[in-house]
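Data first, discussion second: the structure below is written as structure tokens.
All of the numbers you see were taken from the coordinates with simple rules; none came from a lab. Since the structure is predicted, the reported quantities are computational estimates derived from the model, not experimental observations. Note: ideal-geometry Cβ built from the backbone for every residue, glycine included; neighbour counts use all protein chains shown.
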């Protein structure tokens, strides 16, 4: 029969310990170094000035074109400046659009990354929950196993007790013989005399004596008998 | 943090659960408001249209000044009537430019807002997928626990019945009822 299981035998291996330690260290490193970067990017995306830069460039481009095309004829032209105004507006609108797109992309990138991290966390949580559920089930199964074993043991003990008790009660009751060993003793009414019967807990031997004490009981039970026909 | 010393992990299960829970709480704290702002902006942003209106107003004054300076630079003797005509032309062109620019801005704004909404929906779908997966896992765990409990209860009942039956049977045989 094996001994009780030792908790120490179920400790994690050195590799498992190292793996967990490295993973925790990496996680802390990530939180320390990279998480602030993403938060900085989040703030930068809120205050992004790409649109201003692009507007400045659009303005400069437009003005350079206009300045390059300046002439006496154009100065004389009554409609001077009208088409340039349209071009200027169109250029700035393009710059605004490009600037807003940059800002949007930046913010979506930040959100997507942050959400990705949160999603990883959720996946991790689900895995942890699964592991927890598995452990709960294992524990419950183990408890149930112990409970069943206890019940079975109680049943065996009860059965043995009843069987032995019945056997004890059947013991004794032998016909008393006279000194010749052949003639049964009889009472005044002519009934054959018998030795007293055993009780549930105490058997009686062939002579009607109570079998008491550990040694006598062991000898009486034939528990250590090796005779296959007994 | 020291980069050489490794932390000791006595209960990886708990550490794992703590980290994942904190990651979610960190997200809500650091990016929850940011996400809400982006969602609101994707639906209500009008910056391009607003800028287009401002640009048109600015362009009117700017181009008028340029025309005046060019006239001075080249010594163009514009009569008041010519100057008035020039300004009227500039205003007309600018107004047309305003209309075009604002309309273009509306289209561009709609395009960009929809692109943001589309990207947000993609991100949201990923989150939703993860959440459903997580919920599925939780539901499976709950079902497994329930099944295991039912099985254990049935097994326990069977064991009890078997034990009682064994005892009764032993009693019947022993006492020859």
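Annotations for the structure displayed:
- Helix-only mean residue ellipticity at 222 nm for chain B, each DSSP H run of n ≥ 4 adding -39500 (n - 2.57), per residue, nearest 500: -33000 deg cm²/dmol
- 10 Å Cβ neighbours from other chains, averaged over peptide B:159-170: 5
- To the nearest ten degrees, helix B:47-73 and the longest principal axis of the Cα atoms of chain B are 20 degrees apart.
- Diffusion constant of the protein assembly as shown at 25 °C, which comes from Stokes-Einstein with the Kirkwood Cα-pair radius and 0.890 mPa s, µm²/s: 77 µm²/s
- Between 0 and 90°, nearest 10: helix B:12-44 axis offset from chain B longest Cα axis: 30 degrees
- The residue A:83 and residue B:44 beta-carbon pair, evaluated with R₀ = 30 Å, returns a calculated FRET efficiency of approximately 0.30.
- When A:110, A:146, A:76, A:22 are arranged by Cβ crowding within 10 Å, least crowded first, meaning fewest neighbours, the order is A:146, A:22, A:76, A:110.
- A simple packing score, the average count of other Cβ atoms within 10 Å per residue, orders the peptides B:132-140, A:54-62, B:51-59 as B:51-59, A:54-62, B:132-140, with the highest score first.
- Backbone N under 13 Å from the residue B:156 label point (7 Å along Cα→Cβ), restricted to region A:133-166: A:140-151
- For the peptide B:25-38, the mean number of other protein chain Cβ atoms found within 10 angstrom of a residue's Cβ is 4.
- Stretching residue A:178 away from residue A:221 to a fully extended chain increases their span by 12.7 nm, per 0.36 nm per residue minus the current alpha-carbon distance.
- A convex hull fitted to the Cα coordinates of chain B yields 219 cubic angstrom per residue.
- The ellipsoid that matches the Cα gyration tensor of region A:167-224 has semi-axes, each √(5λ) in whole angstrom, of 26, 12, 8, with the longest given first.
- Global size of region B:45-149: 29.7, 102 Å for Rg and Dmax (C-alpha atoms, Rg to one decimal, Dmax whole).
- Between the beta carbons of residue B:100 and residue B:129, assuming R0 = 45 Å, the FRET efficiency works out to 0.55 to the nearest 0.05.
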